[in-house]
Amino acid sequence: QGGHRSWSAAAIWHQCIPLKISFFMLRLMQHRLPTMDRLRGAGVQGPSRCWCCLEPRVEDLYHIFCAGEGAKRVWRHFEMCPGEMGAVHTARHMIWLWWIRSNNTEVLKCLYRILLAVVCQELWKARNRGVFEGQRLKIRATVTRIVQLLGELLRTRFPWVRFTSS
């Protein structure tokens, strides 16, 4: 059956967001990503060392996407006001703040949807590289990948708008 049943479903399945990323965002919003806290609840034991912090921390969604050292440093590049993400209490809270952000054009609305989803997906990929390959989070490389993907996605959707990165 066509159409969206909720406002959050419309945000997840937004036309600007590739399906692969929409499926990822759905799993994130439903708390269905295999973090160590969730795996431990299912009886799987393993180290809970965070991939982005110098001090070992318990890995959960809030830490990966909001409170971890790596997440904070990546988000700092995309905040409109310094410290904007400091008042976030959960990953879901952060997502909602991005979704309700005011915008006055279709391009900005699309940008906010894409930016949130792309940053979250890149943080998840970096987490997985840390967990499975032992790689530390490289902030500059992660931000560069995010900006490049944003540019590609926005140019696809709005070919008449000129986007520049500074």
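Within region 111-130, is even one residue more than 27 Å from W7 (Cα to Cα), modelled with pLDDT of 90 or more and either open to solvent by less than 20 Å² (accessible area, probe 1.4 Å) or of a type in the set (G, A, S) (or both)? Yes, region 111-130 has at least one match. Within the span defined as region 57-66, one or more residues are modelled with pLDDT under 80 and either of a type outside the set (V, I, T) or within 23 Å of I139 (Cβ to Cβ) (or both).
Condition first: among the charged types (D, E, K, R) and open to solvent by less than 80 Å² (accessible area, probe 1.4 Å). Now tell me which residues in region 1-43 satisfy that. Outline the logic, then answer.
The first filter runs over region 1-43 and keeps only residues among the charged types (D, E, K, R), leaving 5, 20, 27, 32, 37-38, 40.
Scanning region 1-43 gives a single hit, D37.
Applying a threshold of 7 Å to beta carbon distances and a minimum spacing of six or more residues, or different chains, the list of pairs starting in region 23-50 at a residue that is at pLDDT below 75 and ending at one that is open to solvent by less than 30 Å² (accessible area, probe 1.4 Å) and in a helix (DSSP H, G or I) reads G46/M36; S48/M36.
Looking at region 35-56, which of the residues that are among the small types (G, A, S) and in contact with a helix residue (DSSP H, G or I) (Cβ under 9 Å, 6 or more places away or on another chain) is nearest to K138 (Cα to Cα)? It comes out as S48.
State the number of residues belonging to region 69-102 that are at pLDDT below 80, open to solvent by 60 Å² or more (accessible area, probe 1.4 Å) and not in a helix (DSSP H, G or I). So the answer is 7.
The values are calculated or read from the model by the stated rules, or taken from the named source; none is laboratory data. Every value quoted in this text rests on a predicted model; they were computed, and no experiment measured them. Neighbour counts run over all protein chains shown; Cβ positions are idealised from the backbone, glycine included. These accessible areas exclude ligands, DNA and RNA; they are computed on the full protein's heavy atoms, side chains included. Shrake-Rupley method; radii C 1.70, N 1.55, O 1.52, S 1.80 Å.
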